[in-house]
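Take a look at the structure below.
The values are calculated or read from the model by the stated rules, or taken from the named source; none is laboratory data. Computed from a prediction, not measured in an experiment: that's the story for all the values here. Because the Cβ atoms are built from the backbone with ideal geometry, glycine has one as well, and the counts that use them run over all protein chains shown. Just the protein is used for accessible areas: all its heavy atoms, side chains included, with ligands, DNA and RNA removed. Shrake-Rupley method; radii C 1.70, N 1.55, O 1.52, S 1.80 Å.
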Amino acid sequence: MVLFVVLLVFCSCNQSKTILTPKPGPGPRINGARIFGVRPGSPFLFRIPATGERPLIYRVTGLPEGLVCDSLTGQISGVIRNPGKYTTIFEVSNRLGIAEKPFKIVCGDTLALTPHMGWNSWYVWESHITDSIMRASAEAMVRTELIDHGYMYINIDDCWAVKADSKDPMLLGEPYDTDGYMNSNRYFPDMHALTSYIHSLGLKAGIYTSPGPLTCAGYTGAWKHEETTAARFADWGFDFLKYDWCSYDQVAADTSLSELQKPYILMSNILKRQDRDMVLNLCQYGMGDVWKWGKSAGGNSWRTAGDLGGSFEKIGTALFRDGFDVYTGNELYKYGGPGGWNDPDYLLIGLLSNWKGATVPTPLTPDEQYTQVSLWSLQAAPLILSGDITRLDEFTLGLLTNDEIIEVDQDPLGKPGRRVAMENGLEVWKRELGDGSIAVGLFNRENYRARISALWNELGISGQQRVRDLWRQKELGHFSGKFSSTVNAHGVVMLRFWPAN
Ligand code: GAL
């Protein structure tokens, strides 16, 4: 039994935005994933994420044949021809010192060896997305230094293609060219130039379509044009595809499992034949328990529920329902892992569209925002911001750039965490990490501050444990038997435990 002592201090809606993440120090530090997958013969693109006073000098020892590292940008590029597991050492130095980190490059069939990290346009720009917004967003990922913490994808969501019945002349035109290749609308005059620009910043580019005739917002989909669409995305230079079910139920023969799987199997097989790597995100809202077959259908991640931000006012309710209950109710921890991840949707923090024509701050309280990022990291979920990356305040930046939280998300073992104890709305979560330590989340879903205890027997550990507060990046000391902390209403305390000896 978990011991819970409730403190009768009620939630204040005007919580202060306390920034817990310490600023990165001036010394070099290498952040983000420790492993990266690429297919033989595909262009390799990975920029070493590192913080510290500039200039930084980057070096890699043990790079496989075919790859080179630019010592001034940390950009690794080239092509690996021979499949294999390559153990390299990243080294980043500045006038204050040198940081080292082992990094594995796995050249084989599997992409997305850790959850995706990046930005997606949907929840802030929805149908107002343009080429120049995408460019500005990519620049912002560099300027805000999110790139130095491991964020790498800049993904266009819906609304870049032609919309045949639109009143906006910029969206009109032929949906496909005469050879059957999908066209972009006039807000995207040159997709190839756009991805080249994104790549030149050391980032990767993502795109979106539907297997149905139309996307969810009524733009052209890939129905009966799957081969040419994938070839066009590869030719344009995209690295990521979100494939959104949308109108596919109009063309599916029935509601059987095989019909649910069909468009995804078809697309993943086509993607495998392209000469560049494209990570495939299945978006079909969890139908047919997608977590049970998403990976075998070729997906690198699968949305586990509907849109978290579908109703602006109800984002908080959706966060608790989809983030906690869908995950635990379906034991989703059993299904995610290297190559295929549960995707509970984007990080709804910062400035978002309110679907009424304005951009407004997230309705999540500061504590709920800490809860979302912590829960996503414990679940090994993709960390994709969908708020306005060009206008991030210090608080939101702090939420996104805590390297010790990101390290949990990106842990190379890739084993998603799970809830191990619950009493009312007070929950203890645990995730096993590659170095033998565990990450522990104390979550308070109640409307009052409460004390939550994590008991060793529920965590499956014993003996003295060294405990660290991950948001504050502070050692808390050595503990035996249990660890207790007071947790804000709708808030979290994120910890990491190492056996003390
Ligand atoms: C939804 C999808 C959202 C977004 C939207 C675009 O089906 O779940 O994430 O892509 O379509 O129209």
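Selection of strands (runs of 3 or more DSSP E) fully inside region 302-364 by the criterion of at least 1 residues being within 16 Å of the ligand (Cβ to nearest atom) returns 341-343, 351-353. What are the residues in region 215-260 that are in a loop (DSSP other than H, G, I, E, B), more than 16 Å from the ligand (Cβ to nearest atom) and either hydroxyl-bearing (Ser, Thr, Tyr) or surrounded by 17 or more Cβ atoms within 10 Å (Cβ to Cβ) (or both), if any? Selection gives HIS225, GLY237, ASP239, THR255, SER256.
Of the residues MET117, MET134, which single one is surrounded by 14 or more Cβ atoms within 10 Å (Cβ to Cβ), more than 22 Å from GLY339 (Cβ to Cβ), out of contact with any His (no Cβ under 6 Å at 6 or more places or on another chain) and touching a residue at least 40 places away in the same chain (Cβ under 8 Å)? So the residue among MET117, MET134 that is surrounded by 14 or more Cβ atoms within 10 Å (Cβ to Cβ), more than 22 Å from GLY339 (Cβ to Cβ), out of contact with any His (no Cβ under 6 Å at 6 or more places or on another chain) and touching a residue at least 40 places away in the same chain (Cβ under 8 Å) is MET134. Each residue in region 469-501 was checked for being buried (at least 20 other Cβ atoms within 10 Å of the Cβ) and either in contact with a His (Cβ under 8 Å, 6 or more places away or on another chain) or within 21 Å of ASP409 (Cβ to Cβ) (or both), and 11 of them qualify. In region 458-476, the count of residues that are farther than 30 Å from THR359 by Cα, in contact with a strand residue (DSSP E or B) (Cβ under 7 Å, 6 or more places away or on another chain) and aromatic (Phe, Trp, Tyr) is zero. Considering region 451-460 alone, what residues qualify as being more than 29 Å from the chain's Cα centre (by Cα), of a type in the set (A, V, I, L, M, F, W, C) and not in a strand (DSSP E or B)? Of everything in region 451-460, just one residue is more than 29 Å from the chain's Cα centre (by Cα), of a type in the set (A, V, I, L, M, F, W, C) and not in a strand (DSSP E or B), namely TRP456. Scanning region 264-284 for any residue that is assigned to a helix (DSSP H, G or I), basic (Lys, Arg) and either closer than 30 Å to SER77 by Cα or not assigned by TED's automatic domain parsing to the domain that holds MET134 (or both) turns up at least one such residue. Of all the criteria given as (1) part of a helix (DSSP H, G or I); (2) over 21 Å from ASP435 (Cβ atoms); (3) away from the ligand (no atom under 16 Å from the Cβ), the one not satisfied by ARG391 is (1). When region 25-62 is filtered for residues that are assigned to a loop (DSSP other than H, G, I, E, B), among the small types (Gly, Ala, Ser) and either under 24 Å from the mean Cα position of the chain (by Cα) or within 24 Å of ILE405 (Cβ to Cβ) (or both), the ones remaining, listed by number, are GLY25, GLY27, GLY32, ALA33, SER42, GLY52.
Conditions (1) open to solvent by 60 Å² or more (accessible area, probe 1.4 Å); (2) of a type in the set (Gly, Ala, Ser), marked per residue:
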residue	(1), (2)
TYR285	yes, no
ARG303	no, no
THR317	yes, no
THR328	no, no
GLY340	no, yes
ASP343	no, no
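Only strands (runs of 3 or more DSSP E) whose full extent lies in region 83-183 are considered here, and the ones with at least 1 residues that are of a type outside the set (Gly, Ala, Ser) and more than 16 Å from the ligand (Cβ to nearest atom) are 84-94, 97-107, 117-120.
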